[in-house]
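Values quoted throughout were computed directly from the atomic coordinates according to the rules given, and no laboratory measurement underlies them. Small disclaimer: the values here were computed from a predicted structure and weren't measured. Every residue, glycine as well, gets a Cβ built from its backbone with ideal geometry; the counts of neighbours run over all protein chains shown.
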Amino acid sequence: MPKPLTPARVQQIVKRWRPKGYRLIWDRRRRAKSFWHPPTGLYNPSRRTIAMAPITNPDTLCAFLHECAHARLKHGHGPVHLEEWEAEHSSLDRVRKYGYRVSLSYRLRTFVMLGRYIRLDRRNGVPIDPRVTRWIAWRA
Ligand SMILES: [Zn+2]
């Protein structure tokens, strides 16, 4: 059994993964709104901030780790589908390693979003990284 996601546990994880030099903004408006709208985060490299719903469950934890991955990997220049996939699969792995499971809603949203980014990049003539399509195929 994983350790319960208590505020102390959350604090410990945040301390471990918060990117150096980034300020965290906890924004309640970014909480999950419905099954189809899981929590959102925003990574802003020019202001060096990460805006996030408060972490209260594995979904919000995963969204936080996703934004941290963007910051750590200095994203913002590469193909969108590739950067989003890098951030998402690393945060899902990390949440799993901590012993938590994101909701079905969160996982479905991941596929919908990645599918959208792939179509968008394809339309703009960006070559699609086969690792991303393979990852989606395995999990679909
Ligand atoms: Zn992202």
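Of note:
- Alpha carbon convex hull of segment 93-136, projected area averaged over orientations, nm²: 3.5
- For segment 13-51, trypsin sites (Lys or Arg not before Pro) are listed when DSSP marks them as loop and at most 15 other Cβ atoms sit within 10 Å of their Cβ; the list is Lys20, Lys33, Arg47, Arg48.
- From the alpha carbon centroid of segment 1-77 to that of segment 88-140 is 17 Å.
- Calculated from backbone phi, Karplus (6.51, -1.76, 1.60) coupling profile of segment 97-102 in Hz, x at Gly/Pro: 5, 6, x, 9, 10, 6
- The C-alpha radius of gyration of the chain, expressed as a fraction of 2.2 N^0.38 Å, stands at 1.03.
- Among Pro19, Pro45, Pro58: highest mean-square fluctuation, GNM of the chain, C-alpha pairs under 10 Å: Pro45
- Exposure proxy shown here: for Asp59, Asp121, the number of other Cβ atoms within 10 Å sets the order, fewest to most, as Asp121, Asp59.
- Tensor-based shape of segment 63-113 (alpha-carbon gyration tensor, a/c under 1.5 rounded, otherwise prolate or oblate): oblate
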